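Student: Below: one structure in structure tokens.
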Amino acid sequence: MLQLRCVKGGLRFLAVKRVSVLNAAFQSSQHVEYKPIKKVLVANRGEIATRVFRACTELGIRTVAVYSEQDTGQMHRQKADEAYIIGKGLPPVQAYLNIPDIIKVAKENEVDAVHPGYGFLSERADFAQACTDAGVRFIGPTPEVVRKMGDKVEARAIAISAGVPVVPGTDAPITCITEAKEFSNKYGFPIIFKAAYGGGGRGMRVVRSYEELEENYTRAYSEALSAFGNGALFVEKFIEKPRHIEVQILGDKHGNVIHLYERDCSIQRRHQKVVEIAPAAQLDPQLRDRLTHDSVKLAKQVGYENAGTVEFLVDKHGKHYFIEVNSRLQVEHTVTEEITDVDLVHAQIHVAEGKSLPELGLRQENIRINGCAIQCRVTTEDPARGFQPDTGRIEVFRSGEGMGIRLDSASAFQGAVISPHYDSLLVKVIAHGKDQQVAATKMSRALAEFRIRGVKTNIPFLQNVLNNHQFLHGTVDTQFIDENPDLFNLRPVQNRAQKLLHYLGHVMVNGPTTPIPVKAKPSTIDPVVPPIPMSEPPAGFRDILLREGPEGFAKAIRKHRGLLLMDTTFRDAHQSLLATRVRTHDLKKISPFVSHNFSNLFSLENWGGATFDVAMRFLYECPWRRLQELRELIPNIPFQMLLRGANAVGYTNYPDNAVFKFCEVAKENGMDIFRVFDSLNYLPNMILGMEAAGQAGGVVEAAISYTGDVSDPTRTKYTLDYYVKLAEELVKAGTHILCIKDMAGLLKPKASDMLIRALRDKFPDIPIHVHTHDTAGAGVASMLACAQAGADIVDVAVDSMSGMTSQPSMGALVACTKGTDLDTGIQLEKVFDYSEYWEVARGLYAPFDCTATMKSGNADVYENEIPGGQYTNLHFQAHSMGLGNKFKEVKKAYAEANKLLGDVIKVTPSSKIVGDLAQFMVHNGLSREEVETMADELSFPLSVVEYLQGYVGIPHGGFPEPLRSKVLKDMPRIEGRPGATLPSLDFTKMEEGLKSKYDDITPEDVMSAAMYPKVFEEYKDFSTQFGPVECLNTRLFLDGPKIAEEFEVELERGKTLHIKALALGDLNKAGQREVFFELNGQLRSVLVKDTQAMKEMHFHPKALKDVKGQIGAPMPGKVIDIKVKEGETIEKGQPLCVLSAMKMETLVNSPVSGTVKKIYVKPDMHLEGEDLVLEIE
């Protein structure tokens, strides 16, 4: 803890020490010996060290670099002729503050002069004196002047003596909090603490109230001590909204001092300059004269030599106040060089050699302003998170260049590691033009050319500054950033290529990201799309729908001669055969062929149902984008989706407005026909879905879920009369089309004839549509029977995606009806071409293909009544659990579970309930009788309990008793439609919440989040990390590339990546492997965590985002102070700990109130971003 008590004496003598006034005339009369410099050591790092090395090389001077143990990979040490390590065993910053080591390197290596750069020791008089005492020239002012100017209190006294106006402030550094309170009592708030022995925003804190005083004093003292080795502070009255103008001065050993005009450094954050401009925009010429005159006068007052900067604040009335002298080269010296054509580093070196300014051609009358220059400091900071420093490895670095652009950088290159130990500056970009607007245009263009990946940068923020009207056409002050929150409306960086490399590397190291049911590899052969004409596709039934509306469309369907087909290949077929894993990538490729050759299809079933959540959950695609892209490629064929009534596309109940909104958005995105069903045929749920689809302007196709066998007189629950009466209710409710949804393939030919004929007789004007599965192998026969009995439409899948648990074969139906009254009008040859594409495409999905474990269909479906898709899934599950030889028992248990629940309609989600109960029975070895007897003792699956409570709806014939009462006991029961009592969703609020977390949220995203909040969040997080994986072909997506494999990835039209996988590195100590690629001819590499290895290695735990009480480190850094203890009760906003990164301290506050459960960190511990700091409960 800091000692805040007052200390008598101390540095107070500086306030009363006599101000030395050197006689400039006498000094200029002295003889100054010219001593050429042959070797220069730069006591600094990064870009300023490189800048000096370049100047030395131009002058023929040999260079020496020093570096810390943490900087072995930094570029500045490679730019020098010689490089030596300093500060072994010291913390990173302290290494560069180690004067004895630096002097030792200089002496041992015959160094003539030392250049201090900026920061570190550049304003330390003891360093300048140590150089002089060692016989090494210090490229800067004399030690005495450095001392006077470096101590801002004495510099202030000198300014007063010279008649330069100053801001009210303390006469000496303060030594305790009491003195700060006394000053604030006298001058009032706001006040500002400033480090007495350094600048750059370190140790600088604005205080606006007594409550903030002590904390800010502590933080300012600590920062100053860390950055400059001395925590002394002084206090000033804080000038509100000033311009920060500084004047570049240059003096020599002969008493000459000139100015090189001013720079405007008003655009700052945390008192650190972000953008600098020379000359200052719209500066009154008389004010410019006063500023430059006072600067030269002050410099001559102290006998200033070499380069320096006099800094002023200019208030809104045009009154200027001296604030400090920086007795060194400034970061922003570059803009002065650009507009004056004076190389300041050359001048520094020549002055140190003894040359006079006139000898260098530098006379005040010759210094002219040429145009305007702007400097942007590109830093590894995240503007969206309060400019928090970011650290890590630069994976990609490509800079902006061209006419009028200068880059001053150091370790900005691919592979460079940005550590938390030093300043976050990456590269300085300087633009020069004839005026500020031209310079800003060049800067914007250059920043747009930058590609920096692996760490976040402030480039999007800088681009906003450069496009700001006030910046371009007016003047700015130090509150510019705070008063322009639109600067933080940052355009997201796409970074698509590098993210995709991360994904490919992840798959190469850790295997597929989507769960793989069987150990089979995707085929290496890509399907070939059959030839497609260049013309527009022919008109189809969608043209009728768009022209005549749903009612006219239904009439046209009913009047159509011949049998119409709906193709399920794009949805239900691959849901049944390939675990719903077919990707948009493969659907898009064949879509134009379908559009041109199957325009007479009734519709394509391509959306809704399980495809919606699987797209996000396992394929990491946006289901809405799939719909949009397919609609664009197939404009002529109606699209059909599966709507689970009041459950929309989910597995639970939603508020009514969510269902209505979903249908509205689906229709807007190209959906045409809504097949509405309910898993229990519960009429209230179905009618809600029908109303939602109808209100959205869609075609309503009410679907009756079929079970049982109407041709079997012994099956008395689901009789022909039951289906006809249910159909009557749906027709009364306004359905445009009537559908029979035979999800298990139970319709036998005789039953098909009976059911469809009865419906046709009852409803002669309503189109009838029949859907089935071919699990038993009788699907083609049953669909032909339906067609002959009066059905208008039947469902099929293309041959290579048909049969078994999928739909009947398209080719078979086309061939069997050819030349008859039921002729489909589809060319059989085109079906063969279509089938060939999918036969090869199916090989890409070998890890999900049901034929890996299931070799044929089975007529036992007539007994167990398992729906097609679920039949496949249960088969997979049985084999994955080693129960493949017991699948017969699983199917038997399913039939028993169905009877236990009262013989229910079985389709998602009711089929899942039956399946859960069946697996529960198999796992626990329970018979149907045992379950009934022990029902009040067993812990049933949650889905079963919720079904019995009424959360799914009310089954035909009611709930089974006494099973229901035994299971529920006193648990609540739902009466009526489950979703009727749910409160409406606030979509506006939901959208605002999503936009606060993610970029580019669309209305479609809001609906995805409404349906599947957790799945959507995981999908967005995945996309943020790995980019547009939908651009990858399916084999690469599932299995990744082979070493030495070359391939192309089309990001968008006209933008194609050429990638080659090169090598996979060994495991490093962080549990990572480096994966090497060649991208567009350039070497790229990514670091990938080896998840298996990570399990065997110990790492600091990370804070979980969804656990509110887990507090993570907001940035990488070192723990300076912990302000709470375990068991302590804390309030929201209370300080928890202090972190330091890049010499900037950050206070971590509690986001919640509670009790500190556990602290995971200790002082001096180094943390990575999101490392767990503590837990609050």
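Student: Is there a pair in 989/1162; 906/1014; 725/750; 1014/1069; 906/989 whose C-alpha atoms are over 30 Å apart, and which pairs would that be?
Tutor: Details: 989/1162 40 Å; 906/1014 26 Å; 725/750 20 Å; 1014/1069 33 Å; 906/989 36 Å.
From 989/1162; 906/1014; 725/750; 1014/1069; 906/989, over 30 Å: 989/1162; 1014/1069; 906/989.
Student: So, with a 1.4 angstrom probe, what is the percent of accessible area on the stretch 973-1031 that is carbon and sulfur? Can you show the working numbers first?
Tutor: Working: 1610 of 3130 Å².
That fraction is 51 percent.
Student: State the volume of the convex hull built on the alpha-carbon positions of the stretch 399-495, expressed per residue in Å³ and rounded to an integer. Could the numbers behind the result be given before it?
Tutor: Working: hull volume 11.5 nm³, N = 97.
So the per-residue Cα hull volume is 119 Å³.
Student: Using a/c under 1.5 as the rounded threshold, could you call the stretch 189-244 rounded, prolate or oblate? The axes a ≥ b ≥ c are square roots of the C-alpha gyration tensor eigenvalues, and prolate needs a/b larger than b/c, oblate otherwise.
Tutor: On the way: a/c = 2.47, a/b = 1.31, b/c = 1.89.
Verdict is oblate for the stretch 189-244.
Student: Another question, then. Please report, for the Cα atoms of the stretch 1015-1069, the Rg to one decimal and the Dmax as a whole number; what are they, in angstrom?
Tutor: 13.7, 41
Student: If you don't mind, there's one more thing I want to ask. The stretch 289-437: percent of C-alpha pairs farther apart than 18 Å?
Tutor: Working: 7650 of 11026 pairs.
Percent of Cα pairs beyond 18 Å in the stretch 289-437: 69.
Student: So what are the radius of gyration and Dmax for the Cα set of the stretch 980-1023, in Å?
Tutor: 10.8, 35
Student: Okay, next question. Past 25 Å, Cα to Cα: identify those pairs from 456/1089; 241/1118; 104/300; 748/891; 519/886; 521/1020, in the order given.
Tutor: Values: 456/1089 20 Å; 241/1118 33 Å; 104/300 34 Å; 748/891 20 Å; 519/886 20 Å; 521/1020 27 Å.
Those over the limit are 241/1118; 104/300; 521/1020.
Student: Sticking with this structure for a sec: What number comes out for the charge environment of residue 1046, summing +1 per Lys or Arg and -1 per Asp or Glu over other residues with Cβ under 12 Å away?
Tutor: Its environment carries a net charge of -1.
Student: What number, in percent, do you get for the relative contact order of the chain if the mean sequence gap of Cα pairs under 8 Å and at least 6 apart is divided by its residue count? If you can, show how the numbers build up before the last one.
Tutor: Values: 2449 pairs, mean separation 98.6, N = 1177.
Result for the chain is 8 percent.
Student: Next question. What is the diffusion coefficient of the stretch 579-691 in µm²/s, taking the Kirkwood radius over Cα pairs and the Stokes-Einstein relation at 25 °C with a viscosity of 0.890 mPa s?
Tutor: Numbers: Rh = 14.6 Å.
The calculation lands on 168 µm²/s.
Student: A further question on this structure: Report, in deg cm²/dmol and to the nearest 500, the calculated mean residue ellipticity at 222 nm for the chain, where each DSSP H run with n ≥ 4 adds -39500 (n - 2.57) and the sum is divided by the residue count.
Tutor: That comes out to -11000 deg cm²/dmol.
Student: Then there is this: When each pair of different Cα atoms in the stretch 638-731 is counted once in the 1/r mean, what is the Kirkwood radius in angstroms, to one decimal?
Tutor: Working: mean 1/r = 0.0726 Å⁻¹.
By the Kirkwood definition, the hydrodynamic radius is 13.8 Å.
Student: Also, I was wondering about something else. In nm², what is the average projected area of the convex hull enclosing the Cα atoms of the stretch 47-129? Each step should come with its number before you reach the end.
Tutor: Values: hull surface 20.7 nm².
About 5.2 nm², averaged over all directions.
Student: Another question, then. Would the stretch 801-883 count as rounded, prolate or oblate if I go by the C-alpha gyration tensor, calling it rounded below 1.5 in a/c and otherwise prolate when a/b exceeds b/c, oblate otherwise? All intermediate terms of the calculation are to be shown ahead of the outcome.
Tutor: On the way: a/c = 4.19, a/b = 1.67, b/c = 2.51.
Here the stretch 801-883 falls in the oblate category.
Student: To make sure I understand the rule: partners must be aspartates and glutamates, Cα under 14 Å from the Cα of residue 1042, and not fewer than 8 residues away in the same chain. Which ones qualify?
Tutor: Partners within reach: 1078.
Student: I would also like to ask the following. Averaged across orientations, what area in nm² does the convex hull of the alpha carbons in the stretch 374-418 project? Can you show the working numbers first?
Tutor: On the way: hull surface 15.6 nm².
Over all viewing directions, the stretch 374-418 projects a mean Cα-hull area of 3.9 nm².
Student: Additional query: What share of all Cα pairs of the chain, in percent, falls into each consecutive 10 Å distance bin?
Tutor: P(r) over the chain, rounded to whole percents: 2, 9, 15, 17, 15, 11, 10, 9, 7, 4, 1, 0, 0.
Student: Using the alpha-carbon atoms, what tilt in degrees (0 to 90, nearest 10) does helix 779-789 show relative to the longest principal axis of the chain?
Tutor: Taking Cα atoms only, the helix is inclined about 60 degrees.
Student: With a bin width of 10 angstrom, please list the P(r) values of the stretch 295-334 as percents of all Cα-Cα pairs, from the 0 bin to the one holding the largest distance.
Tutor: Pair shares across the bins are 27, 49, 23, 1.
Student: Next question, about the same structure. Taking only protein heavy atoms into account and a 1.4 Å probe, give the accessible area per residue of the chain in Å². Could you put the intermediate results ahead of the total?
Tutor: Details: 46130 Å² over 1177 residues.
With all protein chains present, the chain gives 39 Å² per residue.
Student: What are the lysines whose alpha-carbon lies under 20 Å from the alpha-carbon of residue 966, with same-chain residues fewer than 8 places away excluded?
Tutor: Straight-line reach from residue 966, under 20 Å: 899.
Student: Using only the Cα atoms of the stretch 522-598, what do you get for the radius of gyration and for Dmax, in Å?
Tutor: So, for the stretch 522-598, Rg and Dmax equal 15.9, 47 Å respectively.
Student: Please report how far the C-alpha centroid of the stretch 1069-1146 lies from that of the stretch 403-424, rounded to the nearest whole angstrom.
Tutor: With the stretch 1069-1146 and the stretch 403-424 each reduced to a Cα centre, they are spaced 23 Å.
Student: I've got another one for you. With 20 Å as the cut-off, how large is the P(r) tail for the stretch 113-203, expressed as percent of Cα-Cα pairs?
Tutor: Numbers: 1903 of 4095 pairs.
So the portion of pairs separated by more than 20 Å is 46 percent.
Student: In terms of the Cα gyration tensor, with a ≥ b ≥ c the square roots of its eigenvalues, is the stretch 692-796 rounded because a/c is under 1.5, prolate because a/b exceeds b/c, or oblate? Provide the component values of the computation, followed by the final result.
Tutor: Details: a/c = 1.74, a/b = 1.42, b/c = 1.22.
Verdict is prolate for the stretch 692-796.
Student: Consider all pairwise Cα distances in the stretch 572-633 and report the whole-number % of them above 21 Å. Display every interim value, and only then the final one.
Tutor: On the way: 360 of 1891 pairs.
Pairs farther apart than 21 Å: 19 percent.
Student: What number, in percent, do you get for the relative contact order of the stretch 942-1046 if the mean sequence gap of Cα pairs under 8 Å and at least 6 apart is divided by its residue count? Walk me through the intermediate numbers first.
Tutor: Working: 40 pairs, mean separation 17.0, N = 105.
About 16 percent, as a whole number.
Student: Where the convex hull is taken over the Cα atoms of the stretch 852-988, what is its projected area averaged over directions, in nm²?
Tutor: 10.7 nm²
Student: Right, another one. Rule-of-thumb check for the stretch 650-692: C-alpha Rg over 2.2 N^0.38 Å? Show your work: numbers first, answer last.
Tutor: Working: Rg = 10.4 Å, N = 43, 2.2 N^0.38 = 9.2 Å.
Rg over 2.2 N^0.38 Å, computed on Cα atoms: 1.14.
Student: Straight-line reach only, C-alpha to C-alpha below 20 angstrom: list the aspartates and glutamates that residue 818 could link to, leaving out same-chain residues fewer than 8 apart.
Tutor: Reachable aspartates and glutamates: 567, 792, 795, 799, 829, 833.
Student: Report Rg(Cα)/(2.2 N^0.38 Å) for the stretch 140-279, keeping two decimals. Working shown, then result.
Tutor: Working: Rg = 15.8 Å, N = 140, 2.2 N^0.38 = 14.4 Å.
Scaled against compact globular proteins, the figure is 1.10.
The values are calculated or read from the model by the stated rules, or taken from the named source; none is laboratory data. It should be emphasised that the depicted structure is a prediction, and the values quoted were computed from it without experimental measurement. In this analysis, Cβ positions are derived from the backbone assuming ideal geometry, glycine residues included, and neighbour counts consider all displayed protein chains. SASA here: full protein model, heavy atoms, side chains in, ligands and nucleic acids out. Shrake-Rupley method; radii C 1.70, N 1.55, O 1.52, S 1.80 Å.
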